[in-house]
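Undergrad: If you scroll down you'll find the structure; I have some questions about it.
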Amino acid sequence: MHPLIRSIQQKLLKKVPEIKSGYTVRVSQKITEGAKERIQNFEGLVIKVGHGEGAERTFTVRKMVEGIGVEKIFPLHSPNITKIVVKKKAKVRRSKLYYMRQRFGKSARLSERHVTDEERATEEAKMEAMIAEAVKAEEKRKKEERAANPEQAEAAVEQVEEAPADEEVGTRDLASEEGEGTEEATPTEPVEDSESVEENKEEKPEEPAPADEPEEKGKEEA
């Protein structure tokens with residue numbers, strides 16, 4: 001994964017418990033219905049944990065509803081997931097439990113054990129320690145990069161500092177150019193042309209209609 005994408009995804013990561021295939025979990029998901037929001041719980045068996053990295057990681061939960069199997073895929077670090085609780089743990093030999101789709105009743109049972117509150121607390125402490133270690137490792141890596149290439153780091157800082165000033169200058173130049181262009185482009189000739197056209201219209205004599213000439217000649221002869 002590109003280091004830039006990794007650094008962005010680290011800001012989106014949440015503190016979540018360890019989830020593996022064979023765990024029974026209860027997922028609290030935020031559901032929006034119009035202008036209202038509610039929390040919906042979905043409890044079932046984890047049959048698959050995606051191989052995505054960082055915020056792209058997903059897991060699939062399966063449960064039986066009135067004899068019908070229902071599966072949902074949840075993004076592990078989604079902001080719509082408010083809470084994930086591990087209820088039971090089972091030892092399985094496969095990473096993807098797709099064979100559970102063909103099993104019902106007693107054949108679908110696994111040798112599970114309930115998770116206590118103490119175990120949850122220890123897992124949360126482990127996750128916090130792992131997150132702190134990851135943050136320290138990222139900071140150390142950034143320091144090493146800056147030490148290896150101090151010129152690039154200084155140039156990046158200078159570019160960030162100079163960027164607002166350049167934008168202001170650019171806006172001022174554009175505004176001045178637009179103002180100058182409008183001043184130069186205000187012509188007075190079209191006004192004179194319109195006045196001259198009106199004068200020409202007034203100076204032109206009104207020519208008599210050609211149909212009136214024969215009538216006038218007949219009157220003179222009479």
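None of the figures in this text is laboratory data; all of them are computed from the coordinates on show. As the structure is a prediction and not an experimental result, all values here were calculated from the model. We place every Cβ from the backbone using ideal geometry, glycine too, and count neighbours over all the protein chains shown.
Undergrad: For region 51-62, which residues satisfy the criterion of being in contact (Cβ under 8 Å) with a residue 12 or more places away in the chain and under 15 Å from LYS20 (Cβ atoms)?
TA: ARG57, THR58, PHE59, THR60, VAL61, ARG62
Undergrad: How many residues are assigned to a loop (DSSP other than H, G, I, E, B), surrounded by 12 or more Cβ atoms within 10 Å (Cβ to Cβ) and small (Gly, Ala, Ser) when one looks only at region 1-51?
TA: Matching residues across region 1-51 total 3.
Undergrad: Looking at (1) among the small types (Gly, Ala, Ser); (2) touching a Pro at 6+ places or on another chain (Cβ under 8 Å); (3) assigned to a strand (DSSP E or B), find the lone condition where ALA55 falls short.
TA: Condition not satisfied by ALA55: (3).
Undergrad: Next question, about the same structure. Is it the case that region 90-109 has a residue that's assigned to a strand (DSSP E or B), surrounded by 14 or more Cβ atoms within 10 Å (Cβ to Cβ) and either of a type in the set (Phe, Trp, Tyr) or touching a helix residue (DSSP H, G or I) at 6+ places or on another chain (Cβ under 8 Å) (or both)?
TA: The answer is no, given that none of the residues of region 90-109 is assigned to a strand (DSSP E or B), surrounded by 14 or more Cβ atoms within 10 Å (Cβ to Cβ) and either of a type in the set (Phe, Trp, Tyr) or touching a helix residue (DSSP H, G or I) at 6+ places or on another chain (Cβ under 8 Å) (or both).
Undergrad: OK, next. Hey, among the residues in region 110-154 that are closer than 19 Å to LYS20 by Cα, over 29 Å from the mean Cα position of the chain (by Cα) and aliphatic (A, V, I, L, M), which one's surrounded by the most Cβ atoms within 10 Å (Cβ to Cβ)?
TA: The qualifying residue surrounded by the most Cβ atoms within 10 Å (Cβ to Cβ) is VAL115.
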